[in-house]
Amino acid sequence: MRPIDATHDPGLTSWVSSANREGCDFPIQNLPFAVFRRARSREPLRCGVAIGDYVLDLAALGAGIAPDALSARALAACAEPTLNALMALGAPAWRAVRRLLSQLLRAGAREAESVAAALVAQSAAEFAVPARSGDFTDFYTSIHHATAVGRLFRPDRPLLPNYAWVPIAYHGRSSSIVVSGTPVRRPRGQLMPRGALSPCLGASDQLDYELELGVFIGGGNRLGEPIPIEQAEAHVFGLCLLNDWSARDIQTWEYQPLGPFLAKNFATTVSPWVVTLEALAPFRAPWQRAAQHPPPLPYLDSPELRAAGAVEIELEVLLQTALMRARDQPPERLSQSNFSDSYWSIAQMVAHHTVNGCNVLPGDLLGTGTQSGPLPEQAGSLLELTRAGTCPRVLLSGESRGFLADGDRVILRAGCHRPGFVRIGFGEAAGEVLPPWDPSGG
Ligand code: MN
């Protein structure tokens, strides 16, 4: 568990005045990492940290500003075009660089003038996928999502018996992980229309989003050597927003018996910013299991988990249609949920993933699965919100949606707040739906 320390002090302010604005996602208590360069430039990609409306260019800062060897190594790793090198250094290095950045950016810092030269406006930057992920695994940690989806397909027994015991997941695809802002093309695939005798190839008619968090692995484990749950969080660098775009019609036809394949591997959108577990320390909560469910097996249980294994992160999904954009109407919120309602925790995901000896590597990405809350309006996908499209959602623009239409822009946002601490945010993970690929080139 990461400690609460001086970097979380609610009294801290920054000489970057936009970081002190009420409601800002990136106050000095947050300091999330990203990979960026100036927009439309040929500059090399490098790592940066968010402060207010700016990115602090960690490569421009230079390792010379670091007061000790560990933070110097961490800063040097930030000149790389991905966060992998920093992730591989491990939790002591992440803590050291956070402490250094907190000192350099706080109001009254002696170094303010030289550090200011390394600020780039976020509006003038373009971002890349934050890490090179060798593997992407998507879990299914929300029991509310699992139950609501199960009810649509198996009204008599929505939750399968293994759910209470196994953190369910499938191995996804890392080549199609894209950063926020990248358009997402509506996929084509095999569809089995209701009542048809044979399937056809066509564009998905049931394109959906999934409101998730991504978990970036920092230090990995050796093949054959499981990560015990007590050490699991020491292997986690931080969290991002993640939209696991899903084509429900392709999924329905293909998923048995081996699970999702082409219904989900055409695109996964992540936020550019990775919020570290250090930054999330003030927002931890006890991990709890309702009395009607069995306690987890011992390899998925620990005193630390019971004390503070959950994280309170408010999640929301918004939609802006092409018509709303044309009319200058803001995105409309479709739902909100909270990661503290998750049935399985981050540490349980890591411990379970490696219990058979499977190795995880720096930069590997774990999705939490769709995060839905206990109430129907807290659903993290249209599949649940519109009951598989049968009860379309009527928007303020007068339009309605069972599933996504071309031109729709889906935006995920998240933030943490707790009395006595400064609110921190995740930025956003956004993507616009493009029409399907036209093989005639038209
Ligand atoms: Mn998913």
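Only the coordinates and a few stated rules stand behind these numbers; no lab work does. All values reported here derive from a predicted model rather than from experimental measurement. Cβ: placed from backbone, ideal geometry, glycine included. Neighbour counts: every protein chain shown.
Observations on the structure shown:
- Volume per residue of the C-alpha convex hull in the stretch 45-169, rounded to whole Å³: 166
- A simple count of charges around Ala347, restricted to other residues whose Cβ falls under 9 Å of its Cβ and scoring Lys, Arg +1 and Asp, Glu -1, yields -3.
- For the chain, the antiparallel share of DSSP beta bridges with both residues in that region comes to about 90%.
- Label-zone membership for the stretch 143-171, site Arg387, 7 angstrom Cα→C-beta point, backbone N under 15 Å: 148-156
- When the trypsin sites (Lys or Arg not before Pro) in the stretch 164-240 are filtered for DSSP coil states and for at most 11 other beta-carbon atoms within 10 Å of their beta-carbon, the remaining sites are Arg194, Arg222.
- 3J(HN,Hα) from dihedral phi, the stretch 283-292, Karplus parametrisation 6.51/-1.76/1.60, rounded to Hz, x for glycine, proline: 10, 7, 8, x, 8, 10, 10, 4, 4, 6
- Summary of the geometry: the stretch 350-373 and the stretch 155-213, compared by the centres of their Cα atoms, lie 19 Å apart.
- Evaluating 6.51 cos²θ - 1.76 cosθ + 1.60 at θ = phi - 60° for every residue in the stretch 128-133, the Karplus couplings come out as 10, 4, x, 9, 8, 9 Hz, glycine and proline recorded as x.
- Any cysteine of the chain lacking a neighbouring Cys Cβ under 4.7 Å - listed by number: Cys24, Cys200, Cys240, Cys358, Cys391, Cys416
- Stokes-Einstein translational diffusion, the stretch 140-293 - Kirkwood Rh over all Cα pairs, 1.567 mPa s, 4 °C, in µm²/s: 71
- Between the stretch 238-280 and the stretch 421-442, the C-alpha centres lie 13 angstrom from each other.
- Projected label distance in nm at Gln292 and Ala307, using a 7 Å step from Cα toward the beta-carbon: 3.2
- Thr182-Val355 pseudo-label distance in nm [points 7 Å out on the Cα-to-Cβ vector]: 3.3
- Viscosity 1.567 mPa s, temperature 4 °C, Stokes-Einstein D of the chain from Kirkwood C-alpha radius, µm²/s: 58
- Contour minus Cα-Cα distance for Ala326 and Ile65 (0.36 nm per residue): 89.2 nm
- Computed over the stretch 247-335, the P(r) tail beyond 16 angstrom holds 77 percent of alpha carbon pairs.
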